[in-house]
Amino acid sequence: MSNIHDTAMANAFVSGKVELPERLRALTERRTRLLGTAYRLMYDTPLYVERGEGAWLIDPDGRRYLDAYNNVTSLGHCNQNVTDAICRQASTLATNTRYLQDIILDYSELLLSTFSPELENVIYTCTGSEANDLAYRIAKSYTSGTGVIVTETAYHGITDAVSQFSPSLGPNVPLGAHVFTVAAPDAYRLGKDAGEKFDTDIDKALETMRARGIRPAALIVDSMLTSDGVLAEPVGFLKGAAAKMRATRGIYIADEVQPGFGRTGSHMWGFERHGVSPDIVTMGKPMGNGHPVAGLVARAEVVNEFGAKARYFNTFGGNAVSCAAALAVLQTIQQDDLLSNASAIGALLRERLRGVAQRHGQIGDVRGAGLMIGVEIVRDDGGQTPDKIEAARIVNGMRNDGVLISSCGANHNVLKVRPPLIFTPEHVEIFVAALERTLAKQ
Ligand SMILES: Cc1ncc(COP(=O)(O)O)c(C=O)c1O
């Protein structure tokens, strides 16, 4: 049995920390025996799930957990439009991008129509990591540089190249010598100055890169800084940073794997909140509502430079079934106007959380956009000192109460709340009641 003490992943299950019921103990042991030690489970008492339905995950005993964490299934678990589209396509044709087919073009047209016209090409992958890996390859080819700037607790994925610019993987996964980090803008502590400081930090990173003789390739930022602690403010902070990167002939990659497809409510894409236009946008997670489909959208000039030199084929990326799933997802988001729902329900949830914060001093800040929400947990002494122990207590307390969230941020003290875009006012009330009970249990 593994005995992993993971300091890099917030909310990781640590074997032996809590005594598990026999069934869970046997399952975790079997898992470790079969899958080895690289995987992590979440929560002190891992969750054993059998099926999903809308905003709910259900265990083998029929106990229902309100899922306010899984941003992949943003239309809700097992959405009928998506499962129907997958079944239809899988029983008609399931093959790759080396043949002429309508479905990939139908989807690409709809997807590209959600971007401004200068972003005119799309390339498909299976995961967000692959999309970022390809984006970086294209950036290196286009700029002839290698230097990358990311935020201090960024996560962009798992390939060799991408893990080298994913500092949230922790100190045992070293950053590349070509990677430079900047502090994420902390508007909770710095107010409006957070944007200016971010700009200054980008300048400093570019200076250091220059001093080391490294030519810039890309600035890559998750537009909601999810793993840095869900940082939505100050609006516009990405604009100056992207301009600075471009002034050095580097490119700006918006990582929309987390905030894309309407999660921020006001816009389909998180970078739009900042009034900036990227050279490349990477996406994944909710793109297939659980079906593995991901990709990137880019300026044609950038793609052409790469395409003239290198051939791109990804056996499963852009296959017909993935395109059918993705088409059903985007059509459902648009037809059901889920952006408006994300805006309205996200605002309601933040308002209710701010009410809870007035009664519980350990909530220092409630922030976010749409249904991407961060709740910063601090010591209950009127200051702003991060309290990761209390955050972990709340995450696990909520799980035991039947509501699923996790935590993030450099100090693991920000509750990460990402419910499906179909969340309702009733779900908000269930969420808030569980949080109140958990906070009161101190
Ligand atoms: C911002 C961001 N980028 C990229 C990825 C990698 O995506 P995937 O797990 O599909 O490879 C993730 C995954 O959590 C992510 O959060």
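The values are calculated or read from the model by the stated rules, or taken from the named source; none is laboratory data. These numbers come from a predicted model, not from an experiment. With ideal geometry, Cβ positions are generated from the backbone for all residues, glycine too; neighbour counts draw on all protein chains shown.
Data overview
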| read-out | value |
| --- | --- |
| Any pair with Cβ under 8 angstrom, 6 or more apart, that starts in segment 337-361 at a residue that is farther than 11 Å from Val428 by Cα and ends at one that is modelled with pLDDT under 95 | His360/Asp380; Gly361/Asp380; Gly361/Asp381; Gly361/Gly382 |
| Close pairs (6 angstrom Cβ cut-off, 6 or more residues apart or separate chains): in a loop (DSSP other than H, G, I, E, B) in segment 288-299, within 11 Å of the ligand (Cβ to nearest atom) anywhere | Gly290/Val72; Pro292/Cys126; Val293/Met287 |
| In segment 184-215, the residues that are of a type in the set (Val, Ile, Thr) and not in a helix (DSSP H, G or I) | Ile214 |
| Test: residue in segment 239-255 that is closer than 26 Å to Ser141 by Cα, away from the ligand (no atom under 16 Å from the Cβ), among the hydroxyl-bearing types (Ser, Thr, Tyr) and within 24 Å of the chain's Cα centre (by Cα) | no |
| Meets criteria (free of Cβ contacts under 8 Å to residues at least 12 places away in the same chain, out of contact with any helix residue (DSSP H, G or I) (no Cβ under 6 Å at 6 or more places or on another chain) and on the phi < 0 side of the Ramachandran plot) for Ala211 | yes |
| Residue check for Ser163: of a type in the set (Gly, Ala, Ser) and within 24 Å of Val122 (Cα to Cα) | yes |
| Hits in segment 207-233 (condition: surrounded by fewer than 24 Cβ atoms within 10 Å (Cβ to Cβ), within 26 Å of the chain's Cα centre (by Cα) and away from the ligand (no atom under 16 Å from the Cβ)) | Glu233 |
| Segment 279-299, subset out of contact with any helix residue (DSSP H, G or I) (no Cβ under 6 Å at 6 or more places or on another chain) and within 16 Å of Ala135 (Cα to Cα), residue farthest from the ligand (Cβ to nearest atom) | Arg299 |
| Boolean, Ser108 is modelled with pLDDT of 95 or more, in contact with a Lys or Arg (Cβ under 7 Å, 6 or more places away or on another chain) and over 18 Å from Asp255 (Cα atoms) | no |
| Condition check for Asp133: at pLDDT 95 or above, more than 30 Å from Glu29 (Cβ to Cβ) and within 16 Å of the ligand (Cβ to nearest atom) | yes |
| All strands (runs of 3 or more DSSP E) inside segment 25-103 with 1 or more residues being aliphatic (A, V, I, L, M), under 24 Å from the mean Cα position of the chain (by Cα) and buried (at least 17 other Cβ atoms within 10 Å of the Cβ) | 56-58, 64-67 |
| When residues of segment 107-130 are limited to those that are near the ligand (Cβ under 10 Å from one of its atoms) and in a helix (DSSP H, G or I), the one surrounded by the most Cβ atoms within 10 Å (Cβ to Cβ) | Gly128 |
| Qualifying residue in segment 276-284 (condition: farther than 16 Å from Ile123 by Cβ and free of Cβ contacts under 8 Å to residues at least 60 places away in the same chain) | yes |
| Hits in segment 166-206 (condition: buried (at least 17 other Cβ atoms within 10 Å of the Cβ) and of a type in the set (Gly, Ala, Ser)) | Ser166, Ser168, Ala184, Ala187, Ala194, Gly195, Ala205 |
| Residues of segment 136-165 that turn out to be buried (at least 21 other Cβ atoms within 10 Å of the Cβ), near the ligand (Cβ under 8 Å from one of its atoms) and either without any contact (Cβ under 8 Å) to a residue 60 or more places away in the chain or at positive phi (or both), as a count | 2 |
| Residues located in segment 359-397, provided they are within 23 Å of Ser223 (Cβ to Cβ), touching a His at 6+ places or on another chain (Cβ under 9 Å) and not in a strand (DSSP E or B) | Gly370 |
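Results for (1) farther than 17 Å from Glu120 by Cβ; (2) part of a loop (DSSP other than H, G, I, E, B); (3) within 12 Å of the ligand (Cβ to nearest atom), shown as yes or no for each residue.
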{"residue": "Pro259", "(1), (2), (3)": "yes, yes, yes"}
{"residue": "Arg263", "(1), (2), (3)": "yes, yes, yes"}
{"residue": "Glu301", "(1), (2), (3)": "no, no, no"}
{"residue": "Phe313", "(1), (2), (3)": "yes, yes, no"}
